[in-house]
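What follows is a single structure, written as structure tokens, with notes after it.
The values are calculated or read from the model by the stated rules, or taken from the named source; none is laboratory data. Since the structure is predicted, the reported quantities are computational estimates derived from the model, not experimental observations. Cβ: placed from backbone, ideal geometry, glycine included. Neighbour counts: every protein chain shown.
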Amino acid sequence: MNKLSLGSALVGVLALTACATTATAPASSSLSDQDLSFLTSAYQLINFDLAECAVIQKVGASASVEQVAQQVCADAQHYQPLVAQQAASHGVTLPNTLPYHLKAELVQLTYNPADINAAYLRSQISSHEDSLAIFRDEAANGVDPSLKQTAIDTIPVVQANLDRLRGAMPPGMSY
């Protein structure tokens, strides 16, 4: 193998190792697996919301979807630094990329929306249902008091956005 091929292979491997879809904690961390999973999921879902909001702002959606998206975006922008701060206080390195299923949803919304409004609402309803389950699980089973309290405090916000998203779905369309 020549030096150029070897160098290219090494760069490829390094690039793959730089992408992380889960949060990592130092060995000395007192966080439970539950708490670390919560930080991972919360941060990924916040970033997914922000990415989809950027698509909606570019493409343009109906007034009702635009209004709901603005609230979802505002909430995600509010919670992103809070989750990052909590992670930093525990020495946690947050994921730097979305998991495959969220990337796939984002690509679908970006490049192939048959109906941007319905596609956005369905995607967001699904992610908010997932978020609600994750936050409820942390509220019930989390070990770290600050993370558990964040989950408890955030459940009503996630539920309110989920209700808004469902309410914006046109009559007769399923989610």
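Screening the candidates 131, 146 for the property of being small (Gly, Ala, Ser) and within 29 Å of residue 62 (Cβ to Cβ) yields one hit, 131.
For the range 101-116, a tally of residues being of a type in the set (Ser, Thr, Tyr) and touching a residue at least 12 places away in the same chain (Cβ under 8 Å) returns 1. The criterion of at least 1 residues that are of a type outside the set (Lys, Arg) and at pLDDT 95 or above is met, among helices (runs of 4 or more DSSP H) falling completely within the range 41-144, by 63-89, 116-141.
In the range 132-151, the residues that are closer than 15 Å to residue 43 by Cβ form Cβ pairs under 6 Å with partners that are among the aromatic types (Phe, Trp, Tyr) and assigned to a helix (DSSP H, G or I), at six or more places apart or across chains, as follows: 138/38; 147/38; 151/135.
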